[in-house]
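Inspection log for the structure reproduced underneath, given as structure tokens.
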Amino acid sequence: MVDEPEKKFVFPMMPIRAWWGLRRQFFKSVPSDVDSAYISTCLGFDLKSAKNVLPDLVRMNIIDEAGKTLERAYKWRDDDQYPALCEELRKELFPTSLTDNLSGKDVDEERVKRWFMQNAKVGESAARRMTNIYVLLCKADPSEGKETEAVPAPRTPKTVAASSEPTAPKRPVLHKRSEAVPPPIGLTSPVKNGPSIHMDIQIHISPDSTPEQIDKIFSCLAKYFQKKGEVDDDPPGDI
């Protein structure tokens with residue numbers, strides 16, 4: 001007696017979002033046929049991603065090869081029939097080496113993922129997607145779809161494009177001093193028995209000087225020229 005060749009499995013990797021999104025859409029109205037454009041419209045997927053969902057729907061007998069919906073589509077959308085359908089799919093799509101050893105609502109997801117990595121010879125990312133579907137079928141809980149529906153999709157924050165032109169640094173505002181610098185002072189030095197002498201003096205004061213320093217400068221000048229203005233009583237000598 002020749003043993004039957006072992007069945008080859010192609011494990012589904014449908015995104016969980018696609019599973020619940022399409023099921024909700026089928027609950028509203030079961031379409032006569034399903035294609036990548038329909039999936040793209042329902043889920044907001046690009047056409048390439050939407051096309052990747054179709055083979056899993058065919059394997060699950062929800063649609064046929066031509067995209068026509070089958071009787072199982074009506075069982076899939078019905079909450080009462082949903083648990084029994086999940087059990088059917090779990091046994092159809094996965095080998096007994098997995099279903100007999102790892103099952104139940106509290107199935108160990110890490111062990112399931114390692115099983116796929118070892119037996120399906122895939123990487124961690126693909127094994128995680130396979131695990132997600134398998135665990136979903138083990139739980140067989142239609143209320144999970146309602147929880148998924150209540151979670152809003154993350155919003156991408158808007159980014160403000162940076163200007164290509166460098167921003168000029170702000171220059172500090174220089175406040176003018178309220179104290180006006182007095183004009184050049186003219187001092188007349190009376191000379192006894194001679195003509196008077198008139199001098200114009202320009203004083204350059206640093207803008208960093210404080211009002212107290214400016215007052216001090218003029219006070220010293222006044223004292224200096226006051227002393228110089230005092231002429232000695234003795235007449236000048238003969239030349």
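Summary table below
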| item | result |
| --- | --- |
| Top-ranked residue of the range 21-59 - restricted to ones that are among the basic types (Lys, Arg) and surrounded by fewer than 14 Cβ atoms within 10 Å (Cβ to Cβ), ranked as farthest from ARG77 (Cα to Cα) | LYS48 |
| Restricting the range 84-100 to residues that are acidic (Asp, Glu) and more than 42 Å from the chain's Cα centre (by Cα), the residue that is surrounded by the most Cβ atoms within 10 Å (Cβ to Cβ) | GLU88 |
| Pair list, Cβ under 7 Å, 6 or more apart: the range 91-118 residue touching a residue at least 60 places away in the same chain (Cβ under 8 Å) and closer than 20 Å to MET60 by Cα, other residue of a type outside the set (Ser, Thr, Tyr) and in a helix (DSSP H, G or I) | LEU93/ARG59; PHE116/ALA127; PHE116/MET130 |
| Criterion violated by LYS75 - all others in (1) in the same structural domain as LYS139 (by TED's automatic domain parsing); (2) buried (at least 18 other Cβ atoms within 10 Å of the Cβ) satisfied | (2) |
| Residue satisfying all of: in the range 8-35; in a loop (DSSP other than H, G, I, E, B) and in contact (Cβ under 8 Å) with a residue 60 or more places away in the chain; farthest from the chain's Cα centre (by Cα) among these | PHE9 |
| Which listed residue, of LEU54, LEU85, is free of Cβ contacts under 8 Å to residues at least 60 places away in the same chain, in a helix (DSSP H, G or I) and within 22 Å of LYS146 (Cβ to Cβ) | LEU85 |
| Helices (runs of 4 or more DSSP H) within the range 89-206 that include 3 or more residues modelled with pLDDT under 95 and either of a type in the set (Asp, Glu) or farther than 30 Å from MET13 by Cβ (or both) | 143-150 |
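The values are calculated or read from the model by the stated rules, or taken from the named source; none is laboratory data. Computed from a predicted model, the values in this text were never measured in an experiment. Cβ atoms come from the backbone with ideal geometry, glycine included; neighbour counts cover every protein chain shown.
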